[in-house]
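*Asks:* Take a look at this one; I'll ask things after.
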Amino acid sequence: NSEDVRCKCICPPYKDHSGHIYNKNVSQKDCDCLHVVEPMPVPGPDVEAYCLRCECKYEERSSVTIKVNGEIPLA
């Protein structure tokens, strides 16, 4: 697979839960806390407050480009 896509959510500590980084292969439109954070570490009433603290970013990269660039020596 030459294209790597993922959604990365960085969630800071919340109440008695430590911070955590979640990665999941989802479409760009599904790149949000509710689709990526599994299992949800907080009970139902806290989900909205927890998710509002998380920062989710859609990332797309070419692993072929990364591999090729990694093999080229710097002059």
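The values are calculated or read from the model by the stated rules, or taken from the named source; none is laboratory data. In this text the structure is predicted, and so the values were computed from the model without any measurement. Neighbour counts run over all protein chains shown; Cβ positions are idealised from the backbone, glycine included. The area values use the complete protein model at the heavy-atom level, side chains included, leaving out ligands, DNA and RNA. Shrake-Rupley method; radii C 1.70, N 1.55, O 1.52, S 1.80 Å.
*Asks:* Does Ile66 meet the test of being over 21 Å from Arg6 (Cα atoms), modelled with pLDDT under 95 and either open to solvent by 60 Å² or more (accessible area, probe 1.4 Å) or in contact with a Leu (Cβ under 8 Å, 6 or more places away or on another chain) (or both)?
*Replies:* In short, no.
*Asks:* Which of the residues that make up region 24-55 are of a type in the set (A, V, I, L, M, F, W, C) and either open to solvent by 40 Å² or more (accessible area, probe 1.4 Å) or part of a helix (DSSP H, G or I) (or both)?
*Replies:* Cys33, Leu34, Val36, Met40, Val47, Ala49, Cys51, Leu52
*Asks:* Okay, moving on. Go through region 1-21 and count every residue that is in a strand (DSSP E or B) and free of Cβ contacts under 8 Å to residues at least 24 places away in the same chain.
*Replies:* Within region 1-21, residues that are in a strand (DSSP E or B) and free of Cβ contacts under 8 Å to residues at least 24 places away in the same chain number 2.
*Asks:* Tally time: how many residues in region 11-23 are under 12 Å from Lys57 (Cα atoms) and open to solvent by less than 80 Å² (accessible area, probe 1.4 Å)? Please lay out each step first, then the result.
*Replies:* At the first step, the residues of region 11-23 found to be under 12 Å from Lys57 (Cα atoms) are 11, 21-23.
Those still in the list that are open to solvent by less than 80 Å² (accessible area, probe 1.4 Å) too: 11, 22.
The qualifying residues number 2.
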